[in-house]
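Comments concern the structure below.
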Amino acid sequence: GHPGSPGAPRGDLLLVIAVQPDPIYQVEGHDLHRDLEVSIFLALLGGEVQVEGLKGKLGLKIPPDTQNGKVFRLRGQGLPRTGGKPAGDLYAKVSLRIPTGLTEEMREKVRQIQEQLEKGR
């Protein structure tokens, strides 16, 4: 800070820091939350998807029959902490991407799958 009156110590420097919202991540403490858009086919059949983290791309296995809204936790992939404490976690929430532009033939196949599923209940 600025020098005080003659013989007095310097004043304090006060900083005000504002964190701007991020278009991908929501911050809660040291944890990060994000939406993860996956195809309905990946959610149904399972597979691996790449999730963009703070340190780069991370592989995430999506199990078969994953439901919309399912949240996956990636430990230690959140914001770093001081004092040797582990970093926060990254939470990825599944958001299903529904295909558009289906032909009538494709729609008929989807109807057949729907009928088979409903018969099995």
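The values are calculated or read from the model by the stated rules, or taken from the named source; none is laboratory data. The model shown is predicted, which means the values in this text are computed figures rather than measured ones. Neighbour counts run over all protein chains shown; Cβ positions are idealised from the backbone, glycine included. Remember, those area values only see protein heavy atoms, side chains included, never the ligands or the DNA or RNA. Shrake-Rupley method; radii C 1.70, N 1.55, O 1.52, S 1.80 Å.
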query = Does the stretch 82-89 contain at least one residue that is more than 25 Å from residue 26 (Cβ to Cβ), in a helix (DSSP H, G or I) and either out of contact with any Cys (no Cβ under 6 Å at 6 or more places or on another chain) or in contact (Cβ under 8 Å) with a residue 24 or more places away in the chain (or both)?
reply = no
message = Go through (1) open to solvent by 90 Å² or more (accessible area, probe 1.4 Å); (2) of a type in the set (Asp, Glu); (3) in contact with an Asp or Glu (Cβ under 6 Å, 6 or more places away or on another chain) for residue 105 and report which single condition fails.
response = (3)
note = Those residues of the stretch 45-70 which are modelled with pLDDT of 95 or more, within 13 Å of residue 91 (Cα to Cα) and assigned to a strand (DSSP E or B) amount to 51, 58, 60
request  = May I ask you to list the residues in the stretch 61-100 that are open to solvent by 70 Å² or more (accessible area, probe 1.4 Å), under 15 Å from residue 39 (Cα atoms) and not polar (S, T, N, Q)?
outcome  = 61, 64, 65, 70, 93, 97, 98
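Among the residues of the stretch 5-44, count how many are closer than 23 Å to residue 73 by Cβ, open to solvent by less than 80 Å² (accessible area, probe 1.4 Å) and not in a strand (DSSP E or B). If you could, list the steps in order and put the result at the bottom.
First, the residues of the stretch 5-44 that are closer than 23 Å to residue 73 by Cβ: 19, 21-40, 42-44.
With open to solvent by less than 80 Å² (accessible area, probe 1.4 Å) added as a condition, the list becomes 22, 24-25, 29-34, 36, 38-40, 42-43.
Those still in the list that are not in a strand (DSSP E or B) too: 22, 24-25, 29-30, 40, 42-43.
Residues in the stretch 5-44 being closer than 23 Å to residue 73 by Cβ, open to solvent by less than 80 Å² (accessible area, probe 1.4 Å) and not in a strand (DSSP E or B): 8 in total.
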remark   = In the stretch 90-121, anything free of Cβ contacts under 8 Å to residues at least 12 places away in the same chain and of a type in the set (A, V, I, L, M, F, W, C) is listed as 102, 106, 110, 113, 117
inquiry  = Can you find a residue that is farther than 20 Å from residue 44 by Cα, outside any helix (DSSP H, G or I), acidic (Asp, Glu) and modelled with pLDDT of 95 or more anywhere in the stretch 99-116?
reply    = no
